[in-house]
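Peer 1: Okay, here's the structure, questions in a sec.
Computed from the coordinates by the stated procedures, all read-outs in this text should not be read as laboratory data. Treat the numbers as computed from the prediction; the structure is a model and nothing was measured. When we count neighbours, we look across all protein chains shown, and the Cβ atoms used for this are built from the backbone with ideal geometry, even at glycine.
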Amino acid sequence: MGRNRRDRLRELLIADRARGAASTVALVCARCVVDLSVTGAGATVLSKLGDGEARATPPDRGLVHATDEVSAGLEDLQLTVGEGPCLDTFESGGPVLVADLALDGGRWPAFTPGALALGAAAVFSFPLQIGVVRLGSLDLYRDVPGPLTRVELTDALILTDMATQGIVDEVDGHDMADLSWLLDPHVEVHQAAGMVQVQLGVSTDAALMRLRGHAFTHDLPLAEVARQVVARTLRFTREEEERR
Amino acid sequence: MSTGRDQRLADTFVSLADTLVADFDVLDFLGLLTERAVELLEVDAAGVILSDQRGGWRPAAGSSEHAELVEVLAAQTQQGPCLDCVRSGEAVTSADLLADTDRWPLFAPAAVNAGFRAACALPMRLREEIIGALTLLHVEPMTIDDSSVTLGRALADIATIGILQQRAVRREEIVFEQLQAALHHRTVVEQAKGVLAEVGDLDMNDAYTLLRDYARAHQRRLSDLARDVATGAADIAEMITWKAKAGA
């Protein structure tokens, strides 16, 4: 089921892109509105790739995409008041789904009244992240209360994956067409990022970009580069990579 | 069941209940559950796979993180007893994987190669939905007896309850949120393992063991410690020194 839905959504995104140049994140937001029973979609992409700073510091204001004014307003509101479902996703590590904001929004006294006033009756936030590498968030809203269906939740997760991939591609300029590295149950990519961040003395974000750069330059799948790093046949130094 | 097993069973429920009321961490909990499953059911290895909610499955915890077990758990998300189990909602067993290469032409030889001959998968069911499976593996051919299957099912049910974390399931979305958060924490653990492996010149299983043992000894949640290790907030040198003093 997953693979078919994923292929379908990928093809839709490719068709969307052919109609006009736009970032993957913007395309994902637009696709959410078409495919899911939501009124609008917004996304904040962190301008400074953070390393998982303490929650007390709201994420730096970054690039905001929104399909309508309400979505734009919700993105702005969360950053301004420093609380809301979007920020909670980084606390919990998972999506925050609020089918009825008027009923369940009491935990955000600074956010909920403003959000309701903007016209959001339900809010669904999905973190865009790769472990501790925080890239941003995708926030959907509906002007009437009600949950997303199981199929819609699956699609939202797939679109979240694509948005995450899109952000990483745009940051390092390497379009790696296949998503498998994000979903690979062989977790060596994440282990390799941890190893390389120590080898280079950099953040996990930077280590991941370095791995991708190496894969691109040597025309190797990222999973293969990761495997070599974990097997300790490939090390990274500031100047160049050493091969044993 | 023997009296010895009764006692170990009681101890297991107490320690699992402890994790449920204290500062709960789902990866801690599932890790502990797989370790207890190995002891109680007298098998060589155990693991939990969870739905990624996108039509796929991902390993979430294992009784160890030796490469062979990690490989077999990952393989089980593509073919094998676990996949059959989550699709059917029924327990799936193989007393001897060497005899089951027709059943699972990719998985069975790979598992045998990794050193496992017997396998059993038990569903983690929440109402009508299967959210994962508890898998048991043994290095010798083995037929698992009925009382062990019953106990295994009980452990799988406990795993499911653990995912819900005591919360009244008022909202369907809670399960969805919790599963995604668990998978996220798992990714962070992998990143942390890489950091520890590099700093301490450890293999991945030793890196995981260090993380887990240090967390337990210092009453820290595994997920939180992993995050601190991966973000540079943890004193890794101190962790490694502690481990050396505490003994292998």
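Peer 1: Of B:Arg186, B:Arg54, B:Arg216, which is the most mobile in a GNM of chain B whose springs link Cα atoms less than 10 angstrom apart?
Peer 2: Ranking B:Arg186, B:Arg54, B:Arg216 by mean-square fluctuation puts B:Arg54 first.
Peer 1: Would you please give the residues with an amide H less than 5 Å from that of B:Ala45, counting only those at least 5 places away or on a separate chain, with H modeled from the backbone geometry?
Peer 2: Those qualifying (amide H under 5 Å, at least 5 residues apart or on another chain) are B:Leu137.
Peer 1: Sticking with this structure for a sec: How big, on average over all directions, is the shadow cast by the Cα convex hull of region B:90-155, in nm²? Don't skip to the answer; put the middle values down first.
Peer 2: Numbers: hull surface 18.9 nm².
With the hull built on Cα positions only, its mean projection is 4.7 nm².
Peer 1: How do A:His174, A:His190, B:His184, B:His66 line up, fewest other C-beta atoms within 10 Å first?
Peer 2: Numbers: A:His174 15, A:His190 28, B:His184 22, B:His66 18.
In increasing order of surrounding Cβ atoms, one gets A:His174, B:His66, B:His184, A:His190.
Peer 1: Summing -39500 (n - 2.57) over the DSSP H runs of n ≥ 4 in the protein assembly as shown and dividing by its residue number, what mean residue ellipticity at 222 nm do you reach, to the nearest 500 deg cm²/dmol? Before the final figure, lay out each step's value.
Peer 2: Working: 21 runs with 266 residues, N = 492.
The helix-only estimate for the protein assembly as shown comes to -17000 deg cm²/dmol at 222 nm.
Peer 1: What translational diffusion coefficient, in µm²/s and rounded to a whole number, does the Stokes-Einstein relation yield for chain B at 25 °C and a viscosity of 0.890 mPa s, taking the hydrodynamic radius as the Kirkwood radius over Cα pairs?
Peer 2: Numbers: Rh = 18.5 Å.
This corresponds to a translational diffusion coefficient of 133 µm²/s.
Peer 1: If you average the alpha carbon positions of region A:85-137 and of region A:200-217, how far apart do those two centres end up, in angstrom?
Peer 2: 30
Peer 1: Looking at the square roots a ≥ b ≥ c of the eigenvalues of the Cα gyration tensor of region A:2-172, which shape do they give, rounded for a/c under 1.5, prolate if a/b is larger than b/c, or oblate?
Peer 2: On the way: a/c = 1.62, a/b = 1.21, b/c = 1.35.
Cα axes put region A:2-172 in the oblate bin.
Peer 1: When the gyration tensor of the protein assembly as shown is built from Cα positions, what are the square roots of 5 times its three eigenvalues, in whole Å, from largest to smallest?
Peer 2: Details: eigenvalues 255, 147, 105 Å².
In descending order the semi-axes read 36, 27, 23 Å.
Peer 1: Let me ask something else. Which value, in debye to the nearest 20, gives the size of the charge dipole of region A:2-172 about its Cα centre, when Lys and Arg are +1 and Asp and Glu are -1 at the Cβ? Intermediate values should be presented prior to the final figure.
Peer 2: Values: 15 positive and 24 negative charges, 83 e Å.
The dipole of region A:2-172 has a size of about 400 debye.
Peer 1: Mind checking A:143-156 for the average number of partner chain beta-carbons within 10 Å of each residue's beta-carbon? Walk me through the intermediate numbers first.
Peer 2: Values: counts 0, 0, 0, 0, 4, 3, 0, 4, 0, 0, 6, 5, 1, 3.
Mean shielding by partner chains, rounded to a whole number: 2.
Peer 1: Could you tell me how many cubic angstrom of Cα convex hull volume region B:44-125 has per residue?
Peer 2: Numbers: hull volume 7.0 nm³, N = 82.
Taking the convex hull of the Cα positions in region B:44-125, it is 86 Å³ per residue.
Peer 1: Please find, in a Gaussian network model of chain B (springs between Cα atoms separated by less than 10 Å), the residue of B:Ala159, B:Ala217, B:Ala46 whose mean-square fluctuation is greatest.
Peer 2: Looking only at B:Ala159, B:Ala217, B:Ala46, the biggest GNM fluctuation is shown by B:Ala217.
Peer 1: Between B:Ser64, B:Ser51, B:Ser15, where does the largest GNM mean-square fluctuation fall for chain B, given springs only between Cα atoms within less than 10 Å?
Peer 2: Comparing B:Ser64, B:Ser51, B:Ser15 in the GNM, the peak value goes to B:Ser15.
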